[in-house]
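Any read-out appearing in this document is the output of simple, stated calculations on the displayed coordinates, not a laboratory observation. Keep in mind that what you see is a predicted model, and the values were worked out from it rather than measured. All Cβ positions, even for glycine, are placed from backbone atoms using ideal geometry, and neighbour counts span all protein chains on display.
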Amino acid sequence: MSTHQYKNNGDAPRIGVYICHCGMNIASKLNVAELAEYGKILPNVAVSRDYKFMCSDPGQEMIQKDIQEFNLNRIVVASCSPLLHEKTFRQAAADGGLNPFYFQMANIREHVSWVTKDFKEATDKAKALVSAAVRRVAQHQALEKKRVPVHSDVVIVGGGIAGIHAALTIANSGRKVYLIERQPTIGGHMAMFDKTFPTLDCAACILTPKMSAVKNHPNITLWSYSDVTKVEGFTGNFKVKIKRKPRYVIEEHCVGCLLCVDACVFKEPKFDDEFNLGMSKRKPIYLPFPQATPLTVLIDPETCLQLKRGKCKQTCAEVCERRAINFEQKEEEIEVDCGAVILSTGFKPFDAKRVPEYGYGHYNNVYSSLEVERMVNASGPSQGEVVLKDGSKPKSVGIIHCVGSRHAKTNKYCSRVCCMYSLKLAHLVKERTGAEIYNFYIDMRTPGKGYEEFFDKLLKEDVNFIRGRVAEVTNWAMTAKEEGKLIIRVEDTLIGSPRRIPVDMVILSVGLEAQADADEVRRMFGISCSKDGWFTERHPKLAPVSTMTDGIFLAGACQGPKDIPDTVAQAGAAAAEALALVDKGFVELEPDTAFIKEELCCGCRTCIGMCPYSAISPNLEKGVAVVNEALCKGCGTCVAACPSGAASQNLFTDEQIFEEIEGVLTYA
Amino acid sequence: METETMASNGKVMAGEKPMKYFYYPGCSLKSTGRAYEESLLEVFKALDVDLQEIDDWNCCGATAYMAVDDMKASALAARNLALAEMQSNGDGAQIIAPCSACYLVLLKAQKAIKEKKEKANVLLEAMKNNGLYYTGKAKVRHPLDVLVNDIGLEKIAARTQKPLKGMRIASYYGCQFVRPYSTFDEPYNPQTMDMLMAALGADIVDWPLKTRCCGGTLTGTIEAIGQRLSYILLKEAEKRGADVVATACPLCQFNLECYQDSMNRTFEDNLNLPVAYFTQLMGLAFGISEKTLGFERLFVPLKTKAAV
């Protein structure tokens, strides 16, 4: 656009005013003909018309024709919200040969016809708004959109299924990807599951090939056991700082033979295994799980004798022929440039201890759903056997839905996946133990493809379903039959009666929560969180993977509870959006940015502290503030804050705003 | 645990001057719950904590009255709050209310004056007409809260002379002091009394019925239902090997203890389980005489064999 030569229709404003009917939306609520007539008497107006649909092709052509015919150099359209059609009409003006910023829109639909009942009042209010727009547009200046080149690499934060899928999509298109994962291995929660609903595919069988594909892809740099510590820059040109935590094992040398683990001075595993949620033990040197990617062991400095006390025989280092073990390894910091960032930082399961009435952590044999996922997994702590603490198989199992979800005390929202995974666990536990299974649900929510069919299948498998929120889990036996059991007390809302159900094992279907550090991550990337802590998308329907910060995209459960199919679909969408940005090679910046009139600036730095986008910095030589147009979002905070009136903003200069106010106040 | 807005329950902060505690007995502690008062006063005295009975206190407004005329009940409660505040010379009095019903009604009034503007206006205006004022400085506290959070378990353990070794205690909290406001303890699984009893050297019975209804005033109205609820509690405590049920509420104590004969007839059982105030058990551990602590008033005598 910068190369475009616009025509010059003279310096004196010649304004065209167009009143849109929006079908009956506007025309039935106010007098559009009268409004068009009123337009004609306003200063500098050369032509004023009304038309059924201004946004239609004929409507836009009308503007272009009038620009030629009446030598117009300013356009006002009174119609819907600028959010909807400002771009359309700016383009229409540009197609007619005008600089697109010689345009002003008056919102007489959302601000008038949709909210005003009285016909005359509505017409009057619309007149005031048109008057304001006409006065304002006379003050408009020609502006140009600037282009900034875009870096073509993409950084993805979080290596669960969302990050993995997005990374592969982008890498396959030929772009370079940095995948940053906090844990020692990628795979996220999905790697912990046994099977996936509703098809009962083995989770590992569908995930691990993708994990190795990530590791082997020439376009993907995988940094596991690493944290993002700082992000600078703006869309197309981010600088991301990454801290690589020491594994005390040289990743390039280690082949995952595990001889070192065997050789460790600890003969038996002794420390809680994180991957199995503490249900099994590991050594200080370990591989998180057999399919870990990268297939590199690591040493836990908290439990390793050498790292903790500096005293150990170092049998692990001795046995490693590839000399991969290095106790001197230090934390490393790396900085990479990228054009776009995808956040796929996932979720954390709700801590069932926050609902003490269900006895988690108090009674043996009350488990969280993720623990049971590990238990039914063949590579889990019990090799796929579902067993009670005493080693026996449960004869009856209660699965309590909505733990931590849909409750004013904990999280009000539905966690979306718990119904389906509860059904899946019911199936798997029944298959492994033959136990009587009770599902306690409030509603069954099975809205995905093939999900309702899965529910039907479970109904036919003789699983019991009891509708009602469970009141408590206790070991309070009232009869001999209940002795030694866990008692689930619930109001069965289908028979309208309280019930006591004795079971051997209770599974708490915990909900999903935002990561504990979501707020820090949000700040780092300059995006926002909902009140529940989930990252907020730019628009829930029309921009579901974008954020309010250009160039930062979202994928997976960091945006809200999501199952695997939705996560993968969204990761693909985020990858496509990121590609669309980096492939274009440049970004256009909106020109409604702030600028500093140097001769007025006294260098007080008030604006620097106020700017929410860190777009203003001091020029120490001149002693004035400078706005970085690429970072400025045109929020106007600095303009309002500047004590000397040095800060100003394109499209919102004092003259333009005062004229607009005058216009409203002086309409006749 | 939900921290209610009343979390500012006026704990003594480090560096602040020690606060004076006012004592609001309510009717029970002067009649059926005499043993509670006797032991409570002894225990606080033993810990060198000064309790000053509120001068000219009146009925708390009681939970039952609350259901009949909320405003009048609140006014009765508010008068007590005002008296305490005025008698403390605006010093921010801490009111110890041992009876669970009193504790709850006083809390309710305190909360209403703080949060419900219209109700507060009526109450404050009525008080003003009687020369009374309440600015919210006087705060209602439960003795367990004061003992565990202000005085501290360490000091209590240090004061213990005859640890309750081998005595198995089922702490029974009743419904009122953690619901609806959980100002200092967990609403579903309260801990303070257990912690206190453990500090005295007792064995704690883990039971899930800590806050289940004792029957409340149903015992006086629909006796069969009230007694059944009490019976469930006692039976479970007995089954879990409790030597004694510790309580913090005069009504709970009354329901659980005095009707054991009648329960035994109804349920063809042979219950004989002592139900004592937690302050009595504390006093015992402090080495105070059983007579002073009101043990003679118990219908089911405490078999102190295991204890001292």
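Any idea which of B:89, B:121 is assigned to a loop (DSSP other than H, G, I, E, B) and either free of Cβ contacts under 8 Å to residues at least 12 places away in the same chain or within 18 Å of residue B:28 (Cβ to Cβ) (or both)?
Result: B:89 is the single residue among B:89, B:121 that is assigned to a loop (DSSP other than H, G, I, E, B) and either free of Cβ contacts under 8 Å to residues at least 12 places away in the same chain or within 18 Å of residue B:28 (Cβ to Cβ) (or both).
Inspect region A:335-343 for any residue being of a type outside the set (Val, Ile, Thr) and within 14 Å of chain B (Cβ to nearest Cβ) and give the result as yes or no.
no
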>> What's the total number of residues in region A:357-403 that are within 14 Å of another protein chain (Cβ to nearest Cβ) and either aromatic (Phe, Trp, Tyr) or crowded, with 18+ Cβ neighbours inside 10 Å (or both)?
In response: 6
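Restricted to region A:462-487, and to residues that are more than 12 Å from chain B (Cβ to nearest Cβ) and under 38 Å from the mean Cα position of the chain (by Cα), which residue is surrounded by the most Cβ atoms within 10 Å (Cβ to Cβ)?
Among residues in region A:462-487 that are more than 12 Å from chain B (Cβ to nearest Cβ) and under 38 Å from the mean Cα position of the chain (by Cα), the one surrounded by the most Cβ atoms within 10 Å (Cβ to Cβ) is A:470.
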> Which of the residues belonging to region A:66-97 are among the small types (Gly, Ala, Ser) and touching a helix residue (DSSP H, G or I) at 6+ places or on another chain (Cβ under 8 Å)?
Replying inline: A:78, A:79, A:81, A:92, A:93, A:96, A:97
> Out of region A:26-61, which residues are in contact with a Gly (Cβ under 6 Å, 6 or more places away or on another chain) and either among the hydroxyl-bearing types (Ser, Thr, Tyr) or in a helix (DSSP H, G or I) (or both)?
Replying inline: A:48, A:51
>> Are there strands (runs of 3 or more DSSP E) fully within region A:206-322 with at least 2 residues that are surrounded by fewer than 14 Cβ atoms within 10 Å (Cβ to Cβ) and at negative phi? List them.
In response: A:226-234
>> Based on this model, can you work out whether residue A:48 counts as polar (S, T, N, Q), within 21 Å of residue A:138 (Cα to Cα), under 40 Å from the mean Cα position of the chain (by Cα) and buried (at least 21 other Cβ atoms within 10 Å of the Cβ)?
In response: no
> Looking at (1) surrounded by 20 or more Cβ atoms within 10 Å (Cβ to Cβ); (2) outside any helix (DSSP H, G or I); (3) in contact with a Lys or Arg (Cβ under 9 Å, 6 or more places away or on another chain), which is the only condition residue B:103 fails?
Replying inline: (2)
>> Take the conditions under 30 Å from residue A:358 (Cα atoms) and either within 14 Å of chain A (Cβ to nearest Cβ) or surrounded by fewer than 23 Cβ atoms within 10 Å (Cβ to Cβ) (or both) and apply them to residue B:92. Does it pass?
In response: no
> Taking into account only those residues within region A:62-80 that are in a loop (DSSP other than H, G, I, E, B) and either of a type in the set (Asp, Glu) or over 36 Å from the mean Cα position of the chain (by Cα) (or both), which is farthest from residue A:13 (Cα to Cα)?
Replying inline: A:71
>> So, residue A:315, is that one touching a Lys or Arg at 6+ places or on another chain (Cβ under 6 Å) and of a type in the set (Ser, Thr, Tyr) or not?
In response: no
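Counting just the residues of region B:170-205 that are assigned to a strand (DSSP E or B) and away from every other protein chain (no Cβ under 14 Å), which one comes out surrounded by the most Cβ atoms within 10 Å (Cβ to Cβ)?
Among those that are assigned to a strand (DSSP E or B) and away from every other protein chain (no Cβ under 14 Å), it is B:171.
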>> Any residue at all in region B:211-218 that's closer than 28 Å to residue B:47 by Cβ, away from chain A (no Cβ under 14 Å) and in contact (Cβ under 8 Å) with a residue 60 or more places away in the chain?
In response: no
>> Quick check on region A:81-102. Is at least one of its residues assigned to a strand (DSSP E or B) and not polar (S, T, N, Q)?
In response: no
>> I'm checking my understanding of the structure. Among residues of region B:258-276 that are crowded, with 21+ Cβ neighbours inside 10 Å and within 20 Å of the chain's Cα centre (by Cα), which one is nearest to residue B:35 (Cα to Cα)?
In response: B:276
>> So if I check each of B:179, B:212, B:168, which one is in contact with an Asp or Glu (Cβ under 7 Å, 6 or more places away or on another chain) and basic (Lys, Arg)?
In response: B:168
> If you take the residues of region A:523-554 that are assigned to a loop (DSSP other than H, G, I, E, B) and in contact with a Leu (Cβ under 7 Å, 6 or more places away or on another chain), which of them is surrounded by the most Cβ atoms within 10 Å (Cβ to Cβ)?
Replying inline: A:551
>> Within region B:206-230, take every residue that is of a type outside the set (A, V, I, L, M, F, W, C) and closer than 18 Å to residue B:240 by Cα and give me the one that is surrounded by the most Cβ atoms within 10 Å (Cβ to Cβ).
In response: B:230
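Collect the residues in region A:583-627 that are of a type in the set (A, V, I, L, M, F, W, C) and more than 24 Å from residue A:148 (Cα to Cα), keeping them in residue-number order.
Narrowing region A:583-627 to residues of a type in the set (A, V, I, L, M, F, W, C): A:586-587, A:589, A:594-596, A:600-602, A:604, A:607-608, A:610-611, A:615-616, A:620, A:624-627.
Of everything in region A:583-627, those that are of a type in the set (A, V, I, L, M, F, W, C) and more than 24 Å from residue A:148 (Cα to Cα) turn out to be A:600, A:601, A:602, A:604, A:607, A:610, A:620, A:624.
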> What are the residues in region B:224-240 that are more than 14 Å from chain A (Cβ to nearest Cβ) and farther than 13 Å from residue B:211 by Cα, if any?
Replying inline: B:224, B:225, B:226, B:227
> So which residues in region B:39-49 are in contact with a helix residue (DSSP H, G or I) (Cβ under 8 Å, 6 or more places away or on another chain) and either charged (D, E, K, R) or outside any helix (DSSP H, G or I) (or both), if there are any at all?
Replying inline: B:42, B:47, B:49
